[in-house]
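The values are calculated or read from the model by the stated rules, or taken from the named source; none is laboratory data. No experiment lies behind these values; they were computed from the predicted model shown. Heads up, the Cβs are rebuilt from the backbone with ideal geometry, glycines too, and the neighbour counts pull from every protein chain shown.
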Amino acid sequence: MKRPQAQVAVLQAADAQEDRRIDDVASEADLQPQAATRAAFELEADGLVAVSEETVANYELTEEGDRYVRESLPEQDLYAAAMDAGAADGPVQMGQVIGVSGLEGGAVDIALSNYARKGYGEIDSGEITADPGVSPGQDPEMLALEAVADDRVDDADNDALDQLERRGLVEVHEETIRSVVLTDDGVTALMEGVEVAETVDQLTPELLTSGEWDEVEFTEYNVEADAEDTPHGKEHILRQTANRVKDTLVGMGFQEMEGPHVDAQFWINDCLFMPQDHPARTHWDQFALEQPDEIGDLPEELVDRVRSAHKEGVGPDGEGYHSPWEEDVARGLDLRGHTTSLSMRYLSGQEVGELEPPERYFSVEKVYRNDTLDPTHLLEFFQIEGWVMAEDLSVRDLMGTFTEFYEQFGITDLEFKPHYNPYTEPSFELFGTHPETGDIVEVGNSGIFRDEVLEPLGVDCDVMAWGLSLERLLMLIYGFEDIRDVHGTLCDLELLRETEVMH
Ligand code: PHE
């Protein structure tokens with residue numbers, strides 16, 4: 001039998017009794033691993049070898065993990081210091097223990113959270129105790145870290161390995177290992193004798209002019225071989241999804257709103273009937289601008305109507321807040337905490353003039369909040385804002401709009417919960433189910449604007465409105481669990497590269 005050179009080499013290097021790794025076969029046969037793999041698949045297609053695959057996890061220490069394995073884990077340092085300070089006998093001041101532990105900066109938090117988690121002792125109101133029964137020398141995470149460092153991962157405890165990965169002390173890379181074994185037909189072929197067939201993989205002008213093309217044997221195409229992977233730039237999935245959202249809303253008859261990221265509190269809060277002493281209006285929640293700290297002009301008549309709504313309410317039975325309302329506060333500049341500021345600008349006629357119902361507007365824009373960073377919260381995120389102005393709207397219209405919108409993204413299990421906003425009545429929050437964890441995730445907030453909002457704006461029909469989170473929508477579509485996987489310096493490049501584009 002005649003076979004291309006790489007196939008002959010693989011056949012000869014393969015064994016009939018045991019699987020051999022293609023990489024080993026390749027180095028023995030002096031072939032590139034890809035060429036050996038291709039040859040193995042070609043031989044498999046003809047029944048001469050069988051190819052098997054296995055995925056193995058390779059563990060590698062991160063820089064931080066490497067440092068700890070050479071020194072010690074921060075919680076071990078803390079335990080040693082606590083024991084020295086007598087924390088086995090009773091609570092000791094934390095400051096004192098940290099001082100002698102030599103821990104500094106971020107290492108202190110790392111030490112404290114792991115100390116408590118591992119039951120080394122207790123930490124309560126600034127005091128620390130140590131459990132004398134613990135032996136940190138046998139810390140399973142340290143043992144696992146050492147096993148990774150010494151290349152004997154099989155000795156490591158699996159839970160400890162998972163924990164190390166979560167702590168960012170080891171990284172796991174999955175690798176596919178392929179092996180070949182000769183089949184009976186392969187053995188027979190070898191016994192009958194296999195010769196190298198010279199094959200040509202490119203048709204050249206020389207072959208054509210010389211007429212040699214008629215005599216040579218051409219290499220066959222293997223259309224199933226893995227193509228080389230070239231990482232290239234592509235649109236970020238957040239941007240892709242933002243564009244899909246825009247297309248979807250345009251398809252549902254909405255027009256897009258635009259407006260400033262930094263805006264007067266007037267548009268962000270006051271038009272929304274948020275009292276000036278509302279807790280959400282403090283620096284705890286909002287980012288205020290230092291320079292400039294005020295906007296020059298606000299529409300005077302609207303300011304008067306908004307002031308009156310705050311002080312006396314609207315309509316014959318109106319009740320305002322009866323609390324102070326200062327135009328200076330309304331002129332203060334903030335990074336917008338929601339894009340409902342844009343809805344106010346548009347509904348007031350300030351942007352595109354007076355609007356006649358029915359009207360539908362949306363935006364997919366960034367908002368800024370002084371939140372604490374965690375897997376579901378960022379200091380800035382994209383909000384999908386929208387509103388519909390029409391006669392006689394009800395909660396059913398709002399629910400129907402959401403059902404239709406989220407269906408376009410394959411989300412059909414929305415849940416609704418009554419809620420409170422100072423500017424809408426009724427209001428409700430929306431929830432979806434995380435496809436991986438099964439957790440219920442809040443995805444947005446909505447409602448029907450109150451008269452106290454609409455009347456000063458000069459709107460005399462109903463307006464239903466919402467603010468949805470683009471990042472949470474992305475979580476439900478793609479199933480990742482930490483918002484920081486797609487945003488910021490810690491983002492998961494592999495996820496961003498490999499996530500399929502959806503249309
Ligand atoms: N502004 C609200 C938020 O940021 C969303 C919302 C908009 C709710 C309009 C009701 C009406 O959560």
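Summary table below
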quantity	calculated
Candidates ARG336, ARG305, ARG331, ARG345 - the one that is closer than 21 Å to LEU457 by Cα and touching a Pro at 6+ places or on another chain (Cβ under 7 Å)	ARG305
Single match in HIS261, HIS278 (criterion: more than 30 Å from GLN7 (Cα to Cα), within 16 Å of the ligand (Cβ to nearest atom), loosely packed, with under 15 Cβ neighbours inside 10 Å and touching a residue at least 40 places away in the same chain (Cβ under 8 Å))	HIS261
Odd one out for ASN421, checked against (1) among the polar types (S, T, N, Q); (2) within 13 Å of the ligand (Cβ to nearest atom); (3) touching a His at 6+ places or on another chain (Cβ under 8 Å)	(3)
Subset of segment 337-385 (residues that are within 12 Å of the ligand (Cβ to nearest atom), within 23 Å of MET252 (Cα to Cα) and of a type in the set (Ser, Thr, Tyr))	THR339, THR340, SER341, SER343, TYR361, SER363
Number of positions in segment 386-400 that are assigned to a strand (DSSP E or B) and within 12 Å of the ligand (Cβ to nearest atom)	3
Boolean, VAL172 is assigned to a strand (DSSP E or B) and surrounded by 12 or more Cβ atoms within 10 Å (Cβ to Cβ)	yes
Residue under evaluation VAL443, criteria (1) under 21 Å from PHE254 (Cα atoms); (2) in contact (Cβ under 8 Å) with a residue 40 or more places away in the chain; (3) in contact with a helix residue (DSSP H, G or I) (Cβ under 9 Å, 6 or more places away or on another chain); (4) more than 10 Å from the ligand (Cβ to nearest atom), criterion not met	(2)
Yes/no for VAL250 being among the β-branched types (Val, Ile, Thr) and either surrounded by 12 or more Cβ atoms within 10 Å (Cβ to Cβ) or under 33 Å from the mean Cα position of the chain (by Cα) (or both)	yes
Tabulated pairs, segment 222-247, first closer than 22 Å to GLY488 by Cβ, second at pLDDT below 95, C-beta under 6 angstrom, 6+ apart or interchain	PRO231/ARG497; ILE237/THR499; LEU238/VAL486; THR241/LEU474
VAL364 touching a Pro at 6+ places or on another chain (Cβ under 9 Å), of a type outside the set (Gly, Ala, Ser) and at pLDDT 95 or above	no
Answer residue from segment 401-418, given it is within 16 Å of the ligand (Cβ to nearest atom) and in contact with a helix residue (DSSP H, G or I) (Cβ under 7 Å, 6 or more places away or on another chain) and is nearest to ASN445 (Cα to Cα) among those	PHE416
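Quick grid of which residues meet (1) farther than 21 Å from PHE381 by Cα; (2) in a helix (DSSP H, G or I); (3) modelled with pLDDT of 95 or more; (4) near the ligand (Cβ under 10 Å from one of its atoms):
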position: GLU455; (1), (2), (3), (4): yes, yes, yes, no
position: ARG472; (1), (2), (3), (4): no, yes, no, no
position: ILE477; (1), (2), (3), (4): no, yes, no, no
position: HIS487; (1), (2), (3), (4): no, no, no, no
